Amino acid sequence: MTNHDHERAVDLIMQRGTEDVVAADLRWLESHLEDCADCAQFASDFDNAGRLLRATAITATPTLVAATQARVRARAMYLAEQRSRMVLIAISFCLGAMSSAVSAFLWWRFGSWVAERFGWSAAIVQPGIMLALLLPALVIAGLMLAFPHPVLEERFITAWARERGGDNQ
(Lines give C-alpha, C1' and ligand atoms only; values in the text may rest on other atoms or scores of the structure.)
Protein backbone atom coordinates (compact mmCIF):
# COMPACT_ATOMS: atom_id res chain seq x y z
CA MET A 1 0.00 0.00 0.00
CA THR A 2 1.14 3.48 -0.75
CA ASN A 3 1.15 6.50 1.49
CA HIS A 4 -1.47 7.96 -0.85
CA ASP A 5 -3.89 5.15 0.09
CA HIS A 6 -3.50 5.96 3.80
CA GLU A 7 -4.03 9.69 3.19
CA ARG A 8 -7.13 8.93 1.14
CA ALA A 9 -8.43 6.62 3.88
CA VAL A 10 -7.87 9.27 6.58
CA ASP A 11 -9.69 11.87 4.47
CA LEU A 12 -12.63 9.52 3.90
CA ILE A 13 -12.78 8.59 7.59
CA MET A 14 -13.01 12.26 8.55
CA GLN A 15 -15.63 12.98 5.86
CA ARG A 16 -17.77 9.97 6.74
CA GLY A 17 -20.84 11.01 8.70
CA THR A 18 -20.40 14.74 8.06
CA GLU A 19 -20.24 14.97 4.29
CA ASP A 20 -21.69 13.02 1.41
CA VAL A 21 -19.23 10.34 0.39
CA VAL A 22 -19.68 8.46 -2.87
CA ALA A 23 -20.71 4.81 -2.40
CA ALA A 24 -17.67 3.63 -4.36
CA ASP A 25 -15.39 5.54 -1.98
CA LEU A 26 -17.15 3.99 1.02
CA ARG A 27 -16.68 0.49 -0.44
CA TRP A 28 -12.99 1.22 -1.04
CA LEU A 29 -12.63 2.54 2.52
CA GLU A 30 -14.25 -0.56 4.03
CA SER A 31 -11.97 -2.86 2.04
CA HIS A 32 -8.95 -0.75 3.01
CA LEU A 33 -9.91 -0.84 6.71
CA GLU A 34 -10.11 -4.65 6.54
CA ASP A 35 -6.56 -4.83 5.16
CA CYS A 36 -4.88 -2.00 7.12
CA ALA A 37 -4.78 -2.25 10.91
CA ASP A 38 -3.39 1.28 11.37
CA CYS A 39 -6.22 2.91 9.43
CA ALA A 40 -8.79 0.69 11.17
CA GLN A 41 -7.41 1.80 14.55
CA PHE A 42 -7.53 5.45 13.43
CA ALA A 43 -11.15 5.02 12.29
CA SER A 44 -12.09 3.43 15.60
CA ASP A 45 -10.36 6.17 17.62
CA PHE A 46 -11.92 8.87 15.44
CA ASP A 47 -15.42 7.44 15.90
CA ASN A 48 -14.90 7.06 19.67
CA ALA A 49 -13.70 10.66 19.97
CA GLY A 50 -16.78 11.85 18.07
CA ARG A 51 -19.11 9.87 20.35
CA LEU A 52 -17.33 11.23 23.43
CA LEU A 53 -17.63 14.81 22.21
CA ARG A 54 -21.34 14.38 21.42
CA ALA A 55 -21.98 12.80 24.84
CA THR A 56 -20.34 15.64 26.79
CA ALA A 57 -22.62 18.54 27.60
CA ILE A 58 -20.97 21.91 27.18
CA THR A 59 -22.62 24.88 28.84
CA ALA A 60 -21.62 28.49 28.81
CA THR A 61 -21.80 30.73 31.84
CA PRO A 62 -24.32 33.59 31.80
CA THR A 63 -21.42 36.05 31.85
CA LEU A 64 -19.91 34.51 28.72
CA VAL A 65 -23.29 34.51 26.98
CA ALA A 66 -23.92 38.17 27.87
CA ALA A 67 -20.43 39.22 26.78
CA THR A 68 -20.79 37.34 23.49
CA GLN A 69 -24.21 38.88 22.85
CA ALA A 70 -22.82 42.34 23.56
CA ARG A 71 -19.94 41.78 21.16
CA VAL A 72 -22.27 40.46 18.45
CA ARG A 73 -24.59 43.46 18.91
CA ALA A 74 -21.61 45.83 18.82
CA ARG A 75 -20.30 44.23 15.65
CA ALA A 76 -23.75 44.39 14.03
CA MET A 77 -24.05 48.08 14.90
CA TYR A 78 -20.55 48.73 13.61
CA LEU A 79 -21.37 47.01 10.29
CA ALA A 80 -24.67 48.91 10.04
CA GLU A 81 -22.82 52.17 10.67
CA GLN A 82 -20.27 51.26 8.00
CA ARG A 83 -23.06 50.46 5.50
CA SER A 84 -24.83 53.76 6.18
CA ARG A 85 -21.52 55.57 5.89
CA MET A 86 -20.91 53.97 2.51
CA VAL A 87 -24.37 55.08 1.31
CA LEU A 88 -23.62 58.64 2.38
CA ILE A 89 -20.23 58.50 0.68
CA ALA A 90 -21.85 57.24 -2.54
CA ILE A 91 -24.46 60.02 -2.47
CA SER A 92 -21.77 62.61 -1.74
CA PHE A 93 -19.65 61.28 -4.56
CA CYS A 94 -22.53 61.53 -7.06
CA LEU A 95 -23.41 65.06 -5.98
CA GLY A 96 -19.75 66.06 -6.06
CA ALA A 97 -19.25 64.58 -9.52
CA MET A 98 -22.28 66.42 -10.90
CA SER A 99 -21.31 69.75 -9.35
CA SER A 100 -17.71 69.27 -10.47
CA ALA A 101 -18.81 68.67 -14.05
CA VAL A 102 -20.90 71.83 -14.08
CA SER A 103 -18.30 73.98 -12.35
CA ALA A 104 -15.51 72.57 -14.54
CA PHE A 105 -17.41 73.67 -17.63
CA LEU A 106 -18.00 77.14 -16.15
CA TRP A 107 -14.39 77.56 -15.01
CA TRP A 108 -13.14 76.34 -18.38
CA ARG A 109 -15.23 79.03 -20.03
CA PHE A 110 -13.91 81.54 -17.48
CA GLY A 111 -10.36 80.51 -18.36
CA SER A 112 -10.97 81.11 -22.03
CA TRP A 113 -12.47 84.53 -21.20
CA VAL A 114 -9.41 85.44 -19.08
CA ALA A 115 -7.07 84.25 -21.83
CA GLU A 116 -9.01 86.30 -24.40
CA ARG A 117 -9.20 89.39 -22.19
CA PHE A 118 -5.49 89.52 -21.29
CA GLY A 119 -4.11 87.99 -24.49
CA TRP A 120 -2.65 84.90 -22.79
CA SER A 121 -2.56 81.42 -24.23
CA ALA A 122 -5.75 79.44 -23.49
CA ALA A 123 -3.69 76.22 -23.51
CA ILE A 124 -1.96 77.45 -20.32
CA VAL A 125 -4.73 79.37 -18.55
CA GLN A 126 -7.54 76.80 -18.75
CA PRO A 127 -5.57 73.77 -17.42
CA GLY A 128 -3.97 76.03 -14.79
CA ILE A 129 -7.39 77.06 -13.46
CA MET A 130 -8.57 73.45 -13.46
CA LEU A 131 -5.48 72.32 -11.55
CA ALA A 132 -5.96 75.10 -8.99
CA LEU A 133 -9.56 73.97 -8.49
CA LEU A 134 -8.72 70.25 -8.22
CA LEU A 135 -5.67 70.58 -5.98
CA PRO A 136 -7.57 70.99 -2.67
CA ALA A 137 -9.80 68.00 -3.47
CA LEU A 138 -6.76 65.87 -4.31
CA VAL A 139 -5.01 66.85 -1.07
CA ILE A 140 -8.11 66.09 1.03
CA ALA A 141 -8.64 62.74 -0.73
CA GLY A 142 -5.01 61.82 -0.11
CA LEU A 143 -5.29 62.71 3.57
CA MET A 144 -8.51 60.70 3.91
CA LEU A 145 -6.82 57.68 2.34
CA ALA A 146 -3.69 58.08 4.46
CA PHE A 147 -5.53 58.43 7.79
CA PRO A 148 -8.78 56.39 7.68
CA HIS A 149 -10.67 55.91 10.92
CA PRO A 150 -14.16 54.74 11.83
CA VAL A 151 -16.69 57.37 12.82
CA LEU A 152 -17.58 55.53 16.01
CA GLU A 153 -14.88 53.83 18.04
CA GLU A 154 -15.25 50.19 19.08
CA ARG A 155 -15.32 51.05 22.81
CA PHE A 156 -18.22 53.42 22.28
CA ILE A 157 -20.13 50.90 20.16
CA THR A 158 -19.59 48.12 22.73
CA ALA A 159 -20.84 50.32 25.57
CA TRP A 160 -23.81 51.40 23.48
CA ALA A 161 -24.64 47.76 22.66
CA ARG A 162 -24.50 46.83 26.35
CA GLU A 163 -26.76 49.74 27.21
CA ARG A 164 -29.26 48.86 24.48
CA GLY A 165 -29.08 45.18 25.44
CA GLY A 166 -30.01 46.10 29.02
CA ASP A 167 -32.99 48.11 27.75
CA ASN A 168 -34.27 45.20 25.64
CA GLN A 169 -34.12 42.66 28.45
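The values are calculated or read from the model by the stated rules, or taken from the named source; none is laboratory data. Remember, it's a predicted structure, so these values are computed and weren't measured experimentally. Every residue, glycine as well, gets a Cβ built from its backbone with ideal geometry; the counts of neighbours run over all protein chains shown.
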Cβ-Cβ below 8 Å, separation at least six or inter-chain, first residue in the stretch 3-22 and acidic (Asp, Glu), second assigned to a helix (DSSP H, G or I): which pairs? 5/32
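Go through the stretch 115-132 and report how many residues are aliphatic (A, V, I, L, M) and exposed (fewer than 14 other Cβ atoms within 10 Å of the Cβ). Full working, then the answer.
Residues of the stretch 115-132 that are aliphatic (A, V, I, L, M), as a first pass: 115, 122-125, 129-132.
Checking the rest, the ones that are also exposed (fewer than 14 other Cβ atoms within 10 Å of the Cβ) come to 123-124, 131-132.
So the count comes out to 4.
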Scan 71, 117, 85 and give me the residue that is touching a residue at least 12 places away in the same chain (Cβ under 8 Å) and under 30 Å from residue 133 (Cα atoms). 85
Might you let me know whether the stretch 79-86 holds any residue that is modelled with pLDDT of 85 or more, acidic (Asp, Glu) and over 30 Å from residue 158 (Cα atoms)? no
Residue 112 vs. criteria at pLDDT below 90, surrounded by 13 or more Cβ atoms within 10 Å (Cβ to Cβ) and under 22 Å from residue 129 (Cβ atoms): yes
